[in-house]
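Here the structure comes first, spelled out in structure tokens, and everything after it is commentary.
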Amino acid sequence: MPNSSAVAELGGVRTLDVAIVGAGFSGLYMLQRVRDVLHLETQVFEAGDGVGGTWYWNRYPGARCDSESYYYSYSFSRELEQEWNWSSRYPEQPEILGYLNHVADRFDLRRSIRFETRVTSATFDEASNRWNLTTDTGERISAQFLVSAVGCLSSSNTPDFPGIDSFEGECYHTGAWPHEGVDFTGKRVGLIGTGSTGIQATPVIAAQAQHLTVFQRTPNYSIPARNEPLSAELAAEIKANYDEIRQKCRDSDFGFPYVPSERLAGDATPEEQRRVYEELWQLGGFRFFMSSFSDLLTDEAANDTAAEFVRAKIREIVKDPATAELLAPTDHPYGTKRPPIDTSYYESYNRDNVTLIDVRKAAIVEITAGGLRTEDAEYALDTIVYATGFDAMTGALLKMNIRGVDGMRLADKWADGPRSLLGLQVVGFPNLFTITGPGSPSVLVNMPVAIEQHVEWICDCIEYLGRNGLSRIEATEAAQNAWVQHVFDEADETLFPLANSWYMGANIPGKTRVFMPYVGGMGQYRDRCAEVVANGYEGFAMQN
Ligand code: NA7
């Protein structure tokens, strides 16, 4: 084991083998493995006052997982898998947060987590091959390895609207929701953003508020979730078959246990296409995307059959034809932005107290003391909800102020878009590992599947280094360049680059547009990672 030192205070500097940043799904599992399997000295640093990451911060009304509970969970502990009971098909945010708290208690993780502590800088010291960290609580840490478990969607984005601070009502970002909740009773609420979050929040806020005005820039293709309680019989069947379910997730493209379709949309008649889409629409959730036809992401004509089916559904559900037309997306292929899953989203627009405003036609000009002004009207509001998303994939990582070899800032290194080897390491930043970093399947996959694979790969790597008396590992330039090219090539074979999505960094003004996640599929990616190890960590340079 590398530096299996006891935790030590040297001149006010705490020494660790592994420093982990973030206590969400990734950080908790990383901690469990580093501390209890590798038996190394480690500490998690977490900005919040509790565990949960995404599920700690995103407490907005209607927040729930779009993946089904039984596979949106850890697989590393059979006991955990068997003892935890999910209440419904799609767990709500409090239930997932409860699950992660249970994990923290069950594995006694809290004692190794420093809460309400944000890492403010991380600098690599070449002389010692260690990372020097500082925190906003004044702590100084020296760690041999730095593991980022900061999440892909954790740095919230509030647009820089003129006058934003002049608003005299209440305003909230969905990604930093007050723990005590918000009462919308009797309020005129404005909701900006119709991504997955706005789509989940709309029906719930509409049911409480006096009036809800939704400000939409880009309409989305949303598929009904069809949430329902998980019956005792189904729960027992899942538990009896967990090994098989998990293996299917690991081998699949998207980390889901669904049977992928091998059929091309173009090989089906229009009637057959409609039958397939209708069946999956009724089943609900991501099956529509993953189990309908295999060419939806590669062939525009095939994609349009799915897109047109959803548009027809919107026109069928939404009674006002003008509103239905506004809600029907035409500017990007289906699935090229993260496909939302909803509960009564389109139906909300049939309520008398919900209005949809097109802010692509007439953009938001400013936030005023009493509401919001667009290019053609003013809206009086008591509350504004920003469901405006995140600086995805790189935002939280870059906020940490990471400096590698020769003082190089990661922010500068990635000014033209993130570059990494396998989404795990970056040239010039030795001993830094990024769980679900850009260049890995990450957000295109059911996240716990991607997270567990990364945690296990990183821990195996750290163990290997220790066993071989090595103290430093770094991606090589040639291997990184080849991987980045492969990531781009795979993306270019799909329709993904046609959308202005957060996958492309297009939601953040000034952010370089490159497709960030790896689209080659979880199964293929796992094989590549295993091959790298089998070839003696091919593409990585290691030193004593
Ligand atoms: P998203 O998917 O990034 O959605 C943000 C929404 O906010 C989207 O509709 C944006 O429109 C809209 N937005 C952002 N900036 C503006 C401005 N300046 N004016 C008007 N509208 C704006 O974030 P979510 O939180 O919904 O979901 C993030 C992920 O969390 C989700 O994909 C799941 O993986 C879980 P745009 O589409 O950019 O035109």
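Here, each number is a calculation from the coordinates, and none is a lab measurement. The structure presented is a predicted model; accordingly, all values stated were derived computationally and were not measured. Every residue, glycine as well, gets a Cβ built from its backbone with ideal geometry; the counts of neighbours run over all protein chains shown.
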Taking the dipole of the stretch 63-177 about the Cα centre (Lys, Arg +1; Asp, Glu -1; charges at Cβ), the one of Tyr99, Phe167, Thr123 that reaches farthest to the positive side is Thr123
Report the relative contact order of the chain, percent, no decimals, based on alpha-carbon pairs under 8 angstrom and at least 6 residues apart.
20
Whole-Å distance, taken between Cα centres, linking the stretch 466-539 and the stretch 64-83:
26
Hey, got the dipole for the chain? About the Cα centre, +1 on K and R Cβ, -1 on D and E Cβ, debye to the nearest 20?
760
Beta bridges by DSSP in the chain, antiparallel share as percent, to the nearest 5:
45
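Report, to two decimal places, the Cα Rg of the chain normalised by 2.2 N^0.38 Å (N = number of residues). Intermediate values should be presented prior to the final figure.
Numbers: Rg = 23.5 Å, N = 544, 2.2 N^0.38 = 24.1 Å.
Scaled against compact globular proteins, the figure is 0.97.
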Applying 1/(1 + (r/R0)^6) with R0 = 41 Å to the Cβ-Cβ distance of Thr476 and Leu498, what FRET efficiency is obtained, to the nearest 0.05?
0.80
Nearby lysines by direct alpha-carbon distance to Lys239 (threshold 16 angstrom, same-chain neighbours under 8 apart not counted):
Lys248
Identify all lysines with a Cα-Cα distance to Lys413 below 24 Å; exclude those on the same chain that are fewer than 8 residues away in sequence.
Lys399, Lys511
Return the loop-located GluC sites (Glu not before Pro) in the stretch 238-296 (DSSP other than H, G, I, E, B) with at most 14 other Cβ atoms within 10 Å of their own Cβ; answer none if there are none.
Glu262
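Taking the Cα centre of the stretch 404-518 as origin, sum charge times position over the Cβ atoms of Lys and Arg (+1) and Asp and Glu (-1), and report the length of that vector in debye to the nearest 20.
Working: 7 positive and 13 negative charges, 72 e Å.
That gives the stretch 404-518 a dipole magnitude of about 340 debye.
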